[in-house]
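The values are calculated or read from the model by the stated rules, or taken from the named source; none is laboratory data. Just so it is clear, the structure is predicted and the values come from calculations on it, not from any experiment. Here the Cβ positions follow ideal geometry from the backbone for every residue, glycine too, while neighbour counts run over all protein chains shown.
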Amino acid sequence: MTAPLRTATRLRRASVAALLALVATLLVQPAVAPIGVRAMGPLPACRYDDILTTPRGYGDWSITLVDTILRVTKTYVPPDLVPVSEAGLGGKDAVRLIMIDDLRALAQAAAAASAPLGVQSAYRSYAEQKIVFDGWVARLGYSRALQVSARPGHSEHQLGVAVDFKTRGSTSPFVGDWGTTAAGKWLKANAWQYGFVNSYPKGDIALTCYDYEPWHYRYVGRELAAQINASGLTPRQYLWANFTTTVVPPKKAPVATVAPVATAKPAPGATAVPSPSPTTLASQVPILSASASAVAPGGPATQDPAASPPIEAGPIDPAVAAGAQPALLLIAAVTFVLIIGGGWLAARRRRPGVGR
Ligand SMILES: [Zn+2]
């Protein structure tokens, strides 16, 4: 074989290999970056990010997952908040109307079982959650606050379906192990029958990313609560595996605007939370919050337009998919030209009758 012919043959083989690689890529791609398909890989390890969760429409109340990575927007305010007094419970806290009947049934059953319930806290807006989180930062420092409280946007309380229970008539469930009280034990055993699940069970910090909270229940409806209870999984695991469509990268992308938690120094006067602790890192909360709303680090589709309501529940990652298509088309075009060109070149070299 002459040199030009060898070249042409190699060119053609390379082209065929490229074509096969392209076909393989196209075949495999749906499994790599599925759009609108559930269960996007294994449950992400605990870390802190600010990725918008999907689905997050107000109608998706039962399956919207927020955790230390996933959040809703600042403007997420459920449209049907009603006071818990409508369920026969004391206090002015609010929950979504969709859960009021089951909350009433839960409270009545608990009272009948000599485990009367009160409400410590229920719906909290983004701004209210910020006050709560900042308060924990002031008391415990930033890194510890992350384990006992959700950053604003990341709280199930903002969904309007979470309730921190207490024993009726008591001041708070935060002293001792409330899970061992009559009300705590009754809830653990029975809450699922009324549509409530405990979001942060004992010993599951590696899965929930938060400390044990025996008082914190989230309403998901009776059917889903029964499924979660039967699965033995934490709600976070169950929602992630079955409903969450957000694409979460394994690690947070480095973003220059986010101050490193471990090294940032508190800026005196930068925080609204008065703190007796000289080592407080409260000033980082505004830094992180500002970056979350303005820059939205850590992944695609994390914009948080303050003006628009968070009603869409579409796939989170169309930009990535759209960006991949032109590149694939270009590869296909180049491969096509190489194959045609290689064949033409080989045929042209063969024509003078050199043979083998
Ligand atoms: Zn709570």
Exercise. Give me a count of the residues in the range 201-218 that are farther than 16 Å from R56 by Cβ, within 16 Å of the ligand (Cβ to nearest atom) and touching a Leu at 6+ places or on another chain (Cβ under 9 Å).
Key: 6
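Hey, could you check the range 103-141 for residues that are charged (D, E, K, R) and within 16 Å of P152 (Cα to Cα) and say which is surrounded by the fewest Cβ atoms within 10 Å (Cβ to Cβ)?
Here the answer is E128.
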Exercise. Name the residue, out of A127, A115, A107, A122, that is under 22 Å from the mean Cα position of the chain (by Cα), modelled with pLDDT of 95 or more and either away from the ligand (no atom under 16 Å from the Cβ) or farther than 15 Å from G160 by Cβ (or both).
Key: A127
Quiz item: Just checking, which of R218, R236 is of a type in the set (K, R) and within 18 Å of V119 (Cα to Cα)?
Solution: R218
Quiz item: Which of the residues that make up the range 219-246 are touching a Gly at 6+ places or on another chain (Cβ under 7 Å) and either more than 16 Å from T64 (Cβ to Cβ) or away from the ligand (no atom under 16 Å from the Cβ) (or both)?
Solution: G221, R222, A225, T245
Self-check item: Odd one out for W136 among (1) within 16 Å of the ligand (Cβ to nearest atom); (2) touching a residue at least 24 places away in the same chain (Cβ under 8 Å); (3) more than 28 Å from P79 (Cβ to Cβ)
Solution: (2)
Quiz item: Of the numbered conditions (1) outside any helix (DSSP H, G or I); (2) within 15 Å of the ligand (Cβ to nearest atom), L146 satisfies every one except a single condition; which is it?
Solution: (1)
Exercise. Among residues belonging to the range 158-182 that are among the aromatic types (F, W, Y) and at pLDDT 95 or above, point out the one that is farthest from the ligand (Cβ to nearest atom).
Key: W178
Exercise. Just give me the residues in the range 168-199 being surrounded by fewer than 20 Cβ atoms within 10 Å (Cβ to Cβ), of a type in the set (G, A, S) and in a helix (DSSP H, G or I), in sequence order.
Key: G179, A182, A189
